[in-house]
Amino acid sequence: MHALPYWRLSGYYFFYFAFIGAFSPYFGLYLKSLSFSAWDIGLLMSQMQLMRLFAPYLWGALADRLGQRVAIVRLAGVLSLIGFSLFFAVRSFEAMLLAMALLAFFWSAALPLVETLTFDHLREQPARYSRIRLWGSVGFIVAVMGTGALLDRLPLSALLWVIAATLAGILIYALAVPEAPAHAASDVQLPVGEILRQRRVRALFAACVAMSAAHGALYVFYSIHLAEHHYSKFLVGCLWSLGVLAEIVVFFFMVGLLRRFGLRTILLLSFAAAIVRFLMIGWAVDSVALIVIAQLLHGFTFGAYHAAAIAAVNRWFPGRSQARGQALYSSLSFGAGGLLGTLLSGWGWDVWGAASTFTMSAAFALLGLIFVAVGVKRNDLDDPGGGQAASFAALAQTSGGK
């Protein structure tokens, strides 16, 4: 029986998502404290999405060619930490843009390779994936709440040390994670081009781009928006954590929701929830109760949406085309859509202000809803026998988070 390196894998996920918990909510605040404009902040933060367009493919191809996944993961850990260390020394926009690009290029390389390593280690017990991946959610919540509480007492420059600590943790566990034998699929490859020519596939991918673009302002300016309305950094961290908890709860009940409503209905509800959510964030920020409700809707706008989208892609890209289908989903949504939303929100924040920028986010969500409503039919996704729920039950083991 293959010995599962449970704690080494779990520790890697903990620190990988702890980095996101420390970086995403607060680094925009740090950049704002250095007097960068909203456009500058948006452009700097957009490097994380830009690199996700192509960096994972490049690193994955290198790992496949060399047959050295762990070596690439370890190299990415070292270079990510080196890239981020530049932030301690630089202050100009051009130097920070270079540092952010380096960090994003190397940091985005690791997770897809670690996911394949994890499933190769789990080949005899794949149901345990969720127990390993759970530590990523724990790491995010610990980091986002702990960092918020810390920054209420220390200057924002302390954030650099917190983020560096999470990157050091990633590197330590990267050095500890062992290689696992890769298992090649035996399925015949199907032509991805033919799949992409289907109307339903193009409509779904267009909707996914729109949904990620809708979240651009949230991931870059949400903390700034709350701070400008006198929310403490600890409360900001609690609200981010609340969104992750809502996502986990929705995901836990996803199989039952699929059996009752079907994939298409869940997608439509998720886009409708996003419209309401971003309007509430933009126009009702002074009401803590409404902001709490808006964060709870993250369970639909990310959790239910993401789960339904990857289940649809899994159905439409069969056999060995599944990996490429999921890669396209990730690059188009989190890469292209995230980049579009980040850049437009950075521009809109300076020109229109917060409320109108989040209204633009709601407009993107409405556009995505239209793409699904018009381009994806019920029989494209749902079958009367509930097969989609059974399919998702297995696929749920592979779904990540942020």
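The values are calculated or read from the model by the stated rules, or taken from the named source; none is laboratory data. Fair warning: this is a prediction, and the values are worked out from it, not measured in the lab. Because the Cβ atoms are built from the backbone with ideal geometry, glycine has one as well, and the counts that use them run over all protein chains shown.
The listed residues are Val285, Val276, Val250, and the only one of them that is touching a Leu at 6+ places or on another chain (Cβ under 8 Å) and not in a helix (DSSP H, G or I) turns out to be Val285. What do you reckon, is Gly299 within 17 Å of the chain's Cα centre (by Cα) and part of a helix (DSSP H, G or I)? Here the answer is yes, as Gly299 does meet what is asked. Take the residues in the range 114-133 that are among the polar types (S, T, N, Q) and surrounded by 15 or more Cβ atoms within 10 Å (Cβ to Cβ); name whichever of them is modelled with the lowest pLDDT. Filtering first and then ranking leaves Thr116. When the test is whether a residue is crowded, with 17+ Cβ neighbours inside 10 Å, of a type outside the set (A, V, I, L, M, F, W, C) and at pLDDT 95 or above, Gly368 passes it. None of Arg52, Arg8 is touching a residue at least 60 places away in the same chain (Cβ under 8 Å), under 30 Å from Val351 (Cα atoms) and not hydrophobic (A, V, I, L, M, F, W, C) except Arg52.
Per-residue answers, yes or no, for (1) within 27 Å of Ile141 (Cα to Cα); (2) outside the structural domain of Gly146 (by TED's automatic domain parsing); (3) crowded, with 21+ Cβ neighbours inside 10 Å:
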| residue | (1), (2), (3) |
| --- | --- |
| Leu34 | yes, no, no |
| Gly60 | no, no, no |
| Arg65 | no, no, no |
| Arg69 | no, no, yes |
| Ala95 | no, no, no |
| Trp107 | yes, no, yes |
| Pro112 | yes, no, yes |
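If you filter the range 79-106 down to residues that are closer than 16 Å to Leu175 by Cβ and within 22 Å of the chain's Cα centre (by Cα), you find that the one that is modelled with the lowest pLDDT is Phe106.
One residue alone among Val236, Val177, Val162, Val249 is in contact with a helix residue (DSSP H, G or I) (Cβ under 8 Å, 6 or more places away or on another chain), surrounded by fewer than 17 Cβ atoms within 10 Å (Cβ to Cβ) and among the β-branched types (Val, Ile, Thr), and that residue is Val249. For the range 309-330, the criterion of being of a type outside the set (S, T, N, Q) and under 21 Å from Ser24 (Cα atoms) is met by no residue.
Could you please let me know if Gly136 is assigned by TED's automatic domain parsing to the domain that holds Phe14, in contact with a Lys or Arg (Cβ under 6 Å, 6 or more places away or on another chain) and either modelled with pLDDT of 85 or more or surrounded by fewer than 17 Cβ atoms within 10 Å (Cβ to Cβ) (or both)? Taking the combined requirement at face value, the residue does not satisfy it. Annotation: of all residues in the range 196-211 being crowded, with 24+ Cβ neighbours inside 10 Å and small (Gly, Ala, Ser), the one that is nearest to Ala336 (Cα to Cα) is Ala210. Taking the range 289-299 only, how many residues are closer than 18 Å to Ala355 by Cβ and in contact (Cβ under 8 Å) with a residue 12 or more places away in the chain? Here the count works out to 5. Taking helices (runs of 4 or more DSSP H) as the structural unit, those lying wholly within the range 85-162 and holding at least 3 residues that are of a type in the set (Val, Ile, Thr) and more than 20 Å from Phe36 (Cβ to Cβ) correspond to 110-121, 129-151.
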